[in-house]
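Colleague: Sharing a structure with you now.
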Amino acid sequence: MKRFLLPTEVISGPGCIQELKRFIKEGDKVALITDSFLVKIGVAEKVEEVLKNIGATSQIFDDIPPNPHAEVVGKCRAFVEDIGANVVVCLGGGSPMDVAKVVAMLANNEGTWEDYQWNMKQPANPPLTYIAIPTTSGTGSEVTKTAVIIDRNTKKGTGGDFFFAKGALLDPELMVSLPPMLTATTGIDAMTHAIEAYVGKNNQPFTDALALEAIGILAKYLPRAFSNGDDLLAREQVAIAAAMAGLAMDQSGLGIVHSMSGPLSSYYDVPHGLSNAVGLPYGMAYNIIAVPERLARIAEALGVDITGLSDREAAQAAVETVMDMMDDMQIPKDLNDYFMKYGADEGDIEKFAEESCKMFLMRNNPRNPQVKDIAEIFEAILK
Ligand code: NAD
């Protein structure tokens, strides 16, 4: 059985945060959830201004680090309940967006986050109105029904239709401050979503269309956004592609690259986009034998002329094109620095490989990996 659902109203374009008025009315009490850097550089202030003009009151919670852990959820929930918010607006990347969607649900329901994350509890009531304003273009969390929170040393995605945002505002003006390296790695995160959804076992025509189109847009506009962060057209296109790729992966699943990325972020705190970017060429190459024809279509979407190439050759060209794109954007090829920083423990490679193979996301990968296969990739990435 296949299913596809997008209840989130998605609006894009320069200045589109003004459209908060579609979802928020005079007198609303808004919890504005963000991170401290976005407050520091004045991006949060722009959203506060729009809320003020609508006649809503807002208070900020900005204590959300990248790769958030479960403790942050508790603090943020207490804040939302203390101020009596009836609306949650999130401004930021996947880290604040994931905390915000969880807290919007918890604030209207009984139980702790642990009950929902680990004990399969389902909410009895609808969440508070939740609006997402992404400021990175990578995770697609603004349109996904998933929240990724680290707990018990596991990067665990928890999903349900109750997590869908009511609205997602993709405003490229709020993305111009994203530095080139974060633009590149979060953009490749989106590329990874599209590629893993497209080659995954659970692919289907709705998500195939989104994934292939997202790959094409990213191939064209991500290098432009990296080269010139003020290019609003490129920023908007990358943001749209990230949302499309997010939808594709949320509804069709991920695979080997995200399964390897989990332990890297949980144990070494590697930024999500970077860990996916470094693993992507390895994951694609590993899957060629299982889905050469799907990777050949990806080559086409990337702009490769595949005339006269076998599927296998075209698939290899897709891997090389992605590697060239990452080279152009100076994305590191390995995570050796993290390995050294966290103790260069030889046992980690085996442990990470075992954990990756057990991850739920791996079940969607087109090729069933052995622990030793994944250990070989970690050897190459970490040493
Ligand atoms: P992030 O939210 O962790 O932010 C990374 C950094 O970018 C932060 O330091 C932040 O301050 C900075 N930043 C954000 N926007 C900026 C801007 N406009 N200008 C300058 N700096 C800016 O990064 P992310 O990659 O968007 O999110 C990663 C998280 O999302 C991970 O926890 C990952 O597991 C999760 N994720 C969730 C989903 C989902 O469907 N829910 C999907 C993929 C990933």
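Derivation of every value follows stated rules applied to the coordinates shown; laboratory data play no part. Here the structure is a predicted model, which means the values were calculated and not measured. Counting neighbours? That spans all protein chains shown, and the Cβs are built from the backbone with ideal geometry, glycine included.
Colleague: What angle do you read, to the nearest 10 degrees and between 0 and 90, between the alpha-carbon axis of helix 371-382 and the longest principal axis of the chain?
Modeller: The angle comes out at about 80 degrees.
Colleague: Moving to a separate point now. Between the helical axis of 256-268 and the dominant principal axis of the chain, each derived from Cα atoms, what acute angle in degrees is found, rounded to the nearest 10?
Modeller: 60 degrees
Colleague: If you take the beta carbon distance between A78 and N368 as r and set R0 to 56 Å, what does 1/(1 + (r/R0)^6) give as a FRET efficiency, to the nearest 0.05?
Modeller: Details: r = 43 Å, r/R0 = 0.77.
Given R0 = 56 Å and the Cβ-Cβ separation, E is 0.85.
Colleague: Roughly how many whole Å is it from the C-alpha centroid of the range 253-305 to that of the range 126-204?
Modeller: 16 Å
Colleague: Going by Cα centres, the range 327-352 and the range 10-47 are how many Å apart?
Modeller: After rounding, the separation between the Cα centres reads 36 Å.
Colleague: A further question follows. Between K341 and E26, what is the label-point separation in nm under the 7 Å Cα-to-beta-carbon projection?
Modeller: Rounded to a tenth, the inter-label distance reads 5.0 nm.
Colleague: On a 0 to 90° scale, report how tilted helix 205-227 is relative to the longest principal axis of the chain, with both axes built from alpha carbons and the result rounded to the nearest 10.
Modeller: 90 degrees
Colleague: Right, another one. What are the ³J(HN,Hα) values, in whole Hz, obtained from phi via the Karplus relation 6.51 cos²θ - 1.76 cosθ + 1.60 with θ = phi - 60°, for each residue of the range 132-148 in sequence order, with x given for Gly and Pro?
Modeller: 10, 10, x, 10, 9, 10, x, 6, x, 3, 5, 10, 9, 9, 10, 10, 10
Colleague: Still on this structure: Once both labels are modelled 7 Å past Cα along the beta-carbon direction, what's the E379-E71 spacing in nm?
Modeller: 3.7 nm
Colleague: Continuing with this model, one more query. Under 8 Å for C-alpha pairs, at least 6 residues apart: give me the relative contact order for the range 319-383, rounded to a whole percent. Each step should come with its number before you reach the end.
Modeller: Details: 35 pairs, mean separation 29.8, N = 65.
Dividing the mean separation by the residue count of the range 319-383 yields 46 percent.
Colleague: Of H193, H69, H272, H258, how do they rank once you tally other Cβ atoms within 10 Å and put the fewest first?
Modeller: Placing the least packed residue first, the sequence is H69, H272, H258, H193.
Colleague: Relative contact order for the chain: what percent, with Cα pairs under 8 Å and sequence separation of 6 or more?
Modeller: 15 percent
Colleague: Taking the Cα centre of the chain as origin and charging only Cβ (+1 Lys, Arg; -1 Asp, Glu), how large is the dipole, in debye to the nearest 20?
Modeller: With only Lys, Arg, Asp and Glu charged at Cβ, the dipole is about 880 debye.
Colleague: If you don't mind, another one. Taking the convex hull of the Cα atoms, report for the chain its projected area averaged over all directions, in nm². Walk me through the intermediate numbers first.
Modeller: Working: hull surface 70.1 nm².
Average projection, Cα convex hull of the chain: 17.5 nm².
Colleague: Can I ask one more? Report the residue, chosen from R367, R152, R312, that carries the largest GNM mean-square fluctuation when the chain is represented by alpha-carbon nodes joined by springs under 10 Å.
Modeller: With Cα springs under 10 Å in the chain, the top fluctuation among R367, R152, R312 is at R152.
Colleague: I want to verify a result. In a Gaussian network model of the chain, Cα cutoff 10 Å, which of these has the top mean-square fluctuation: V257, V291, V88?
Modeller: Comparing V257, V291, V88 in a Gaussian network model of the chain, the most mobile one is V291.
Colleague: Modelling each spin label as a point 7 Å along the Cα-to-Cβ direction, I'd like the E9/A124 distance in nm, to one decimal.
Modeller: About 3.1 nm, to one decimal.
Colleague: Ranking S95, S227, S141, S266 by Cβ neighbours within 10 Å, fewest first, what do you get?
Modeller: Fewest-to-most ranking of S95, S227, S141, S266: S227, S266, S95, S141.
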